[in-house]
Each structure stands twice: as C-alpha cells, then as structure tokens.
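Participant: Let me begin by handing over the structure; questions about it come next.
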Amino acid sequence: MIPQRIQALFEFIDFLDNNKKEYIQKYIPVCNKLEKIKFEQKKLKSEKNYIDKQKYEKLQEEIDNDFPVIYSNVYLPIIHKLKELRIWSGDQTCSSIWNNNIQAIFDFKRNFEEEDVFKVLHFKNKYLRFRNETNSNFLSLQLVFNDLDKILKELFDFFKDSKKNEFEKFESKIIGVNSLEQAIEGLKNNDKNLLYSIPIKVLLDNSDKQKIPASSINIKNDIIMGDKIEAKNISNNKGPISIGKKNRIETYDNDLDKKAFKWQKWGIIIATLLAIITIVLMIIIESKKV
C-alpha cells in the first residue's frame, strides 16, 4: 500500500501531467519569449549609457506586461498545490521539499509491497515525461523543480533496473572557477542550471585580497542555514571555536596552544564556506525574481 506522503507526491505529478498540454501550448512560448528579452537586457549597459537605459526599460515593459500571465497561471497554481499537499512549506530556499518527504521515502523503500512497484514506475515515467517535454523553469520555478528533482530521484532511483541516470538532463552542471568573482559573474550572466566550484585553497590563500563588488549583489534578506551561529569578539586569532546547535563563536584571552590554533583554522574555513553559500543562494534567488 502506498503511504500518504508518497501518495501526495504522486498526486502532484498527476497535477503537472493534467496541465502539461496547456503549459506547452500557451505558456512555454511566453516563457521562451521572456527569456530572450532577459538575454537582450543583459547585453545592455543601462547604468553607463542613456541609450542602453532606454532600451533596457522598453524591454522591461514587455516583461512586466507578459510575466503576470505566467505568474497567475503557472507559478501560483504550482506552489499552491505543493503547499496544499504539504510537499513544500513555502520556505525561500525550498529545503523543506527535501525535509518534509525524505523520511517517508526512506520508510517506503524499506517497507514497499510488490504491487506498489508498478505504481511507482508509472509515476516515475509520468514525471520524467513532464520534465523532458516542458523543459522550462517558467522563469520563477527553477529552484522549486531543482529540489523536486532531487527528492523524486531519491525515490525513483531505488525502483529502476539500469544504472542510467534518468535525471541527468535536469541536474546542475558543476563548473570549476578560480575565484569567487568568477562564480558571481557566471551566476549573473548565465540562466542555465549551473553550480560553481571554488578550490578551498584559493579561498584561503586569497581571503584578504578577494572582495565582492558591492554593486554586483543586492541582498534583501538574511538567510540562516541550519542552526544560527553567532560570532562575538573574534580578534587577534585567539581562542577555540565550537560550531553546533545554538552555539556561539567566542574568544578568550589565554595564549593559543596548538590545539586551539587548529580549531581556529577550521573555524575560518567553515565560516568562509557558509558565507559563500549564503551569497550564492541569495544571488540565485534574486536573479529568479525577475
């Protein structure tokens, strides 16, 4: 018997499938048009030249006229269905799509019955057809579908007979870069589903030199990833660092021994990575609000 939480995922897949024809015929052409307009906007230097600014604003008028159609008929119905089925709690980072469903998937994989397999395969094929045939993020839903792909892959990969990665087409491609600036520039200028990898050594070796241009990022919200970590009085590279549930980072006046220095080094690495992840997430979120 299919558990309720797994059945909710299948009901959402049915919802997508029932609307697929309308998406393809009416809304994906509008999405494609707006994607082309956004690409043209990115080529303009609207902050440096008045002609480019006028062209940019004219293109923006087209986006403002067409986007409400996508928002009302695609974006809102999809997110409302996800919330109604409790697949997603509506959080900005979409992490609840994983958190709300992963335990039910683990339990189902341990306890499924033979007659369940056919139903799982039916909905797997239905979801993969939807993703392949629509092949659009609808401008605003890329983050949502990225996380849907991840949680459904966790379920469907268990019920397959080959080693083929059936979700490969939808997964983020990882590109190696040598600096944080390169990653930010890539995110600004590319709408494709990409992730950027920066060597930790590069970040540590250049932590004092690399600065993010203030004009390149517009962060409106504070994102806390996991448990909140509060930093207090970090100076002179002194004191041990402990990171965990509701911990704070504090310093002490005693001299560093080797063990404390090792903690300090790892604390810097972790803090740097958290800062980078937060910045990249905000860039992606802001770029998808266009």
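The values are calculated or read from the model by the stated rules, or taken from the named source; none is laboratory data. What you are looking at is a predicted structure, and each value in this text was computed from that prediction instead of being measured. Cβ atoms come from the backbone with ideal geometry, glycine included; neighbour counts cover every protein chain shown.
Participant: If the requirement is being without any contact (Cβ under 8 Å) to a residue 40 or more places away in the chain, over 23 Å from Q142 (Cβ atoms) and of a type in the set (D, E), which of these qualifies: D66, D52?
Facilitator: D52
Participant: Further question on the same structure: Just one of the numbered conditions (1) at pLDDT below 90; (2) within 26 Å of R86 (Cα to Cα); (3) acidic (D, E) is not true of E154; which one?
Facilitator: Single failed check for E154: (1).
Participant: Is it true that E35 is farther than 29 Å from N100 by Cα and not in a helix (DSSP H, G or I)?
Facilitator: When the stated conditions are applied, E35 does not pass them.
Participant: Any idea how many residues of region 1-41 are under 22 Å from S72 (Cβ atoms), touching a residue at least 40 places away in the same chain (Cβ under 8 Å) and in contact with an Asp or Glu (Cβ under 8 Å, 6 or more places away or on another chain)?
Facilitator: Summing the residues that are under 22 Å from S72 (Cβ atoms), touching a residue at least 40 places away in the same chain (Cβ under 8 Å) and in contact with an Asp or Glu (Cβ under 8 Å, 6 or more places away or on another chain) in region 1-41 gives 6.
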